[in-house]
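The structure appears below as structure tokens.
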Amino acid sequence: MERDARVCVIGEDVGHYGGSYKVTKDLANKYGDLRVLDTPIAENSFTGMAIGAAMTGLRPIIEGMNMGFLLLAFNQISNNCGMLHYTSGGQFTIPVVIRGPGGVGRQLGAEHSQRLESYFQSIPGIQMVACSTPYNAKGLMKAAIRSENPVILFEHVLLYNLKERIPDEEYVLNLEEAEMVRPGEHITILTYSRMRYHVMQAAKTLVNKGYDPEVIDIRSLKPFDLHTIGNSVKKTHRVLIVEECMRTGGIGASLTTAINENFHDYLDAPVVCLSSQDVPTPYAGTLEEWTVVQPTQIVTAVEQLCH
Amino acid sequence: MALTHRSTNLLKPLSAAVPFTSSLRRLFSTDDATAITVETSVPFTGHKCDPPPRTIDTTPKELMTFFRDMATMRRMEIAADSLYKAKLIRGFCHLYDGQEAVAVGMEAAITKKDCIITAYRDHCIFLGRGGTLVEAFAELMGRRDGCSRGKGGSMHFYKKESGFYGGHGIVGAQVPLGIGLAFAQKYSKEEHVAFALYGDGAANQGQLFEALNMAALWDLPAILVCENNHYGMGTAEWRAAKSPAYYKRGDYVPGLKVDGMDAFAVKQACKFAKEHALKNGPIRLWLGSCFVGKVSFELAEKKALLDKILEMDTYRYHGHSMSDPGSTYRTRDEISGVRQERDPLERIRKLILSHDIATEKELKDIEKEIRKEVDEAIAQAKESPMPDSSELFTNVYVKGFGVQSFGADRKEVRAILP
């Protein structure tokens, strides 16, 4: 925001309140009420408003207080945000960033535990990224703001409290690149967002058991970084996808297809995808735990894939 | 002799952008200085604001320009009708004939730096904003020379350099975008306004009220214009809205009810609205209707200084779109009644004739010339080729920050890391 006067934030409670997860804390004091705009609870309209402003050259960052609320703005995101560059024959660019926390939290209930990446992935014209660590959150956010394309940045409710030492110097990450978390030889585990931590936990167990998993945080959900993924598949010949979105029509489903189409020759076993169950997220703690993929399930899957 | 000389001049081919000029015995047509006073058909009705006066000054040049522009728009829409029936235009085609006064009057009141955004009945507004006939027809036929390169179609005309933001298919979705345009204008501290046009059908959308609330809250220079042609596709307004007095909605916002078939009323209202919006914030224009034979004067009290709603009372002769005959929900008598009594083009014609600015024959000649222009434009547009197959994948993304993206087609391989 300091670098470019056209960058502004639009969302509910982003200004005076500092953001429901404190992401925009103190920004209103620094930049004023117009640049950090508190909106009424009208997702459809304020998303539309931000897109209209972007058509003229501003670079708004739209915050959905919870990603699930952005379903109300689906028309604006799909038709106006994603497609305007195309239907206007290239006249308008929409450099917005749509961000917000999503994912399954701690017993937040079904409507507040939505994972929207699977719903948005078909929209042509948008880019989707999911951050998972403080380091990549900052880098991806900067890249998203600077990108001329509309970017949806998926954050996770449970990851806001992570602490990490990050460089003081400015850095920007590549929006279309995946991150190699742990190189290995036996199997490629593809994951993103919070499931990265479940995978790393499982990895510890696996290493003790003698396996050498290669863990890649795909980060870019649309388009997939098939370069990094492909190189990994060519090395290990086995793929396990661990994701938090639902099984039907999820990111894992698209990724499985992409890998099968492109790297079929390199696979020794079918691609296995572990996703959340196709149910609304229940409130009860134990049930919620069974909805998402747990480290023990990951360990079992790897053992089965690698015999 | 002077007459023959004049006719020859008139039949000379002129390009679409050149205004009507000729060495007429009657000099007035290019006269910019003589003031003619006209009165709008009905007085304005204001809601929480003082309506502007109904007498307006104009010049012969402006009258002729109005006539020419409206006749061009009318001709274009009728030509589009034939092209559609000849299956050269496919999909949806929503025609604007009958409502031309709105486009022409609005354009006369503002500059190209002010923004206009509208829904899918956008052909004439595109023309008013400086679009050419060739671009319009080429886009309608899906050719490469169209304003959106053939990728948008009838509902997606845009012209960024003239501040025309489209062209939107989903009813009502353009109003929050319009508020965003106003937001950007306020953000950049420009002294311009944004006109967000919508119809009586869209007036029942929730996002309108949301947008109005936000625009009023933040004093955005937005003017919401309801082009009330009384039918939301096939549903008459009294069947869709509990309170068809659209200018009373969003009570805190000042509003103005305007006869949308009178180009001068529209011009006056838009001028008034622009001044108001710049000083005081959003306002609503209701180009609302008085039905033929019935005049309703609904005075409303709107206190707000911001937001203006303009309700424009207007009428469309065609159906909702080309697939709608337009006669299942209204009578032919009604349509022809409006055409006889309130046609915008006829009104200007009568004004011109009564003020002796041009003769009947001259006006007919202009119309002939316009017909020829439109036919030439269609011919030129027909020659334009279909878009190349590579165009399928262009403009999906802008090559942005970082590396070459794979894109949805997976044809491009990632190149370099920064």
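The values are calculated or read from the model by the stated rules, or taken from the named source; none is laboratory data. Just so we're clear, the structure is a prediction, and the values are computed from it rather than from any experiment. Virtual Cβ from ideal backbone geometry, glycine too; neighbours counted across all protein chains shown. Just the protein is used for accessible areas: all its heavy atoms, side chains included, with ligands, DNA and RNA removed. Shrake-Rupley method; radii C 1.70, N 1.55, O 1.52, S 1.80 Å.
Looking at the range A:221-236, which of the residues that are facing chain B (nearest Cβ under 9 Å) and outside any helix (DSSP H, G or I) is most open to solvent (accessible area, probe 1.4 Å)?
A:222
So if I check each of A:71, A:58, A:34, A:108, which one is of a type in the set (A, V, I, L, M), open to solvent by 40 Å² or more (accessible area, probe 1.4 Å) and touching a strand residue (DSSP E or B) at 6+ places or on another chain (Cβ under 9 Å)?
Sole residue among the options that is of a type in the set (A, V, I, L, M), open to solvent by 40 Å² or more (accessible area, probe 1.4 Å) and touching a strand residue (DSSP E or B) at 6+ places or on another chain (Cβ under 9 Å): A:34.
Name every residue in the range B:159-196 that is of a type in the set (Val, Ile, Thr) and facing chain A (nearest Cβ under 8 Å), in order of residue number.
Within the range B:159-196, B:170, B:175, B:179 qualify.
Within the range A:198-210, identify whether any single residue is within 14 Å of chain B (Cβ to nearest Cβ), within 21 Å of residue A:130 (Cα to Cα) and open to solvent by 10 Å² or more (accessible area, probe 1.4 Å), and answer yes or no.
no
For the range B:162-208, which residues satisfy the criterion of being open to solvent by 20 Å² or more (accessible area, probe 1.4 Å), assigned to a loop (DSSP other than H, G, I, E, B) and in contact with a helix residue (DSSP H, G or I) (Cβ under 9 Å, 6 or more places away or on another chain)?
Matches in the range B:162-208: B:169, B:170, B:171, B:188, B:190, B:191, B:192, B:201, B:205.
Scanning the range A:131-148 for residues that are assigned to a helix (DSSP H, G or I) and open to solvent by 10 Å² or more (accessible area, probe 1.4 Å), which turns out farthest from the other protein chains (Cβ to nearest Cβ)?
A:134
Taking the range B:188-244, which residues are among the polar types (S, T, N, Q) and closer than 23 Å to residue B:122 by Cα?
B:204, B:205, B:207, B:228, B:229, B:235
Could you grab me the full set of residues in the range B:95-124 that are surrounded by fewer than 20 Cβ atoms within 10 Å (Cβ to Cβ) and either assigned to a helix (DSSP H, G or I) or in contact with a Leu (Cβ under 8 Å, 6 or more places away or on another chain) (or both)?
Passing the criteria: only B:109.
Return the pairs, sorted by first residue and then second, in which the second residue is assigned to a strand (DSSP E or B) and surrounded by 13 or more Cβ atoms within 10 Å (Cβ to Cβ), the first residue lies in the range A:155-168 and is among the β-branched types (Val, Ile, Thr), the beta carbons are less than 8 Å apart, and the residues are 6+ apart or on different chains.
A:157/A:101; A:157/A:102
Of the residues that sit in the range B:32-65 and are of a type in the set (D, E, K, R) and part of a loop (DSSP other than H, G, I, E, B), which one is farthest from residue B:246 (Cα to Cα)?
Across the range B:32-65, the extreme among qualifying residues is B:32.
Mind checking whether some residue in the range A:7-30 is open to solvent by less than 10 Å² (accessible area, probe 1.4 Å), at the interface with chain B (Cβ under 8 Å from one of its Cβ atoms), under 19 Å from residue B:180 (Cβ atoms) and not aromatic (Phe, Trp, Tyr)?
Looking for residues that are open to solvent by less than 10 Å² (accessible area, probe 1.4 Å), at the interface with chain B (Cβ under 8 Å from one of its Cβ atoms), under 19 Å from residue B:180 (Cβ atoms) and not aromatic (Phe, Trp, Tyr), one finds at least one in the range A:7-30, hence yes.
One residue is enough: does the range A:167-187 have a residue meeting the conditions outside the structural domain of residue A:117 (by the TED database) and at positive phi?
no
Quick check on residue B:36: is it in contact with a Pro (Cβ under 8 Å, 6 or more places away or on another chain) and either free of Cβ contacts under 8 Å to residues at least 24 places away in the same chain or not assigned by the TED database to the domain that holds residue B:395 (or both)?
Taking the combined requirement at face value, the residue satisfies it.
Restricting to the range A:267-307, give me the number of residues that are more than 28 Å from residue A:105 (Cα to Cα), open to solvent by 90 Å² or more (accessible area, probe 1.4 Å) and of a type outside the set (D, E, K, R).
3
For residue A:87, indicate whether it is surrounded by fewer than 24 Cβ atoms within 10 Å (Cβ to Cβ), touching a His at 6+ places or on another chain (Cβ under 7 Å) and at the interface with chain B (Cβ under 9 Å from one of its Cβ atoms).
Answer is no for this residue.
Can you tell me how many residues within the range A:168-195 are away from every other protein chain (no Cβ under 14 Å) and in a strand (DSSP E or B)?
Qualifying residue count, the range A:168-195: 7.
State yes or no: is residue A:122 free of Cβ contacts under 8 Å to residues at least 12 places away in the same chain and either surrounded by 24 or more Cβ atoms within 10 Å (Cβ to Cβ) or not in a helix (DSSP H, G or I) (or both)?
yes
Going residue by residue through the range B:79-94, is there one that turns out to be in a loop (DSSP other than H, G, I, E, B), in the same structural domain as residue B:61 (by the TED database) and under 9 Å from the mean Cα position of the chain (by Cα)?
no
Looking only at the range A:35-48, count every residue that is within 7 Å of chain B (Cβ to nearest Cβ) and in contact with a Phe, Trp or Tyr (Cβ under 6 Å, 6 or more places away or on another chain) and tell me the total.
Of the residues in that region, 1 qualify.
Mind checking which pairs have a first residue in the range B:145-158 that is more than 7 Å from chain A (Cβ to nearest Cβ) and over 12 Å from residue B:123 (Cβ atoms) and a second that is of a type outside the set (A, V, I, L, M) and assigned to a loop (DSSP other than H, G, I, E, B), Cβ under 7 Å, 6 or more apart or different chains?
Between residues of the range B:145-158 that are more than 7 Å from chain A (Cβ to nearest Cβ) and over 12 Å from residue B:123 (Cβ atoms) and residues that are of a type outside the set (A, V, I, L, M) and assigned to a loop (DSSP other than H, G, I, E, B), the close pairs are B:145/B:384; B:150/B:142; B:150/B:143; B:150/B:144; B:150/B:387.
Residues checked against (1) assigned by the TED database to the domain that holds residue B:70; (2) at pLDDT 80 or above; (3) assigned to a loop (DSSP other than H, G, I, E, B):
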site	(1), (2), (3)
B:244	yes, no, yes
B:247	yes, no, no
B:273	yes, yes, no
B:292	no, no, yes
B:318	yes, yes, yes
B:328	yes, no, yes
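Among the residues of the range A:75-105, write down those that are touching a strand residue (DSSP E or B) at 6+ places or on another chain (Cβ under 8 Å) and in a helix (DSSP H, G or I).
Across the range A:75-105, the qualifying residues are A:77, A:81.
For the range B:209-224, check the following and say yes or no: at least one residue is more than 9 Å from chain A (Cβ to nearest Cβ), in contact with a helix residue (DSSP H, G or I) (Cβ under 9 Å, 6 or more places away or on another chain), open to solvent by 10 Å² or more (accessible area, probe 1.4 Å) and without any contact (Cβ under 8 Å) to a residue 60 or more places away in the chain.
No; the residues of the range B:209-224 include none that is more than 9 Å from chain A (Cβ to nearest Cβ), in contact with a helix residue (DSSP H, G or I) (Cβ under 9 Å, 6 or more places away or on another chain), open to solvent by 10 Å² or more (accessible area, probe 1.4 Å) and without any contact (Cβ under 8 Å) to a residue 60 or more places away in the chain.
For the range B:34-81, give me each residue that is surrounded by fewer than 18 Cβ atoms within 10 Å (Cβ to Cβ) and more than 17 Å from residue B:352 (Cβ to Cβ).
Correct list: B:42, B:43, B:50, B:53, B:54, B:55, B:78, B:81.
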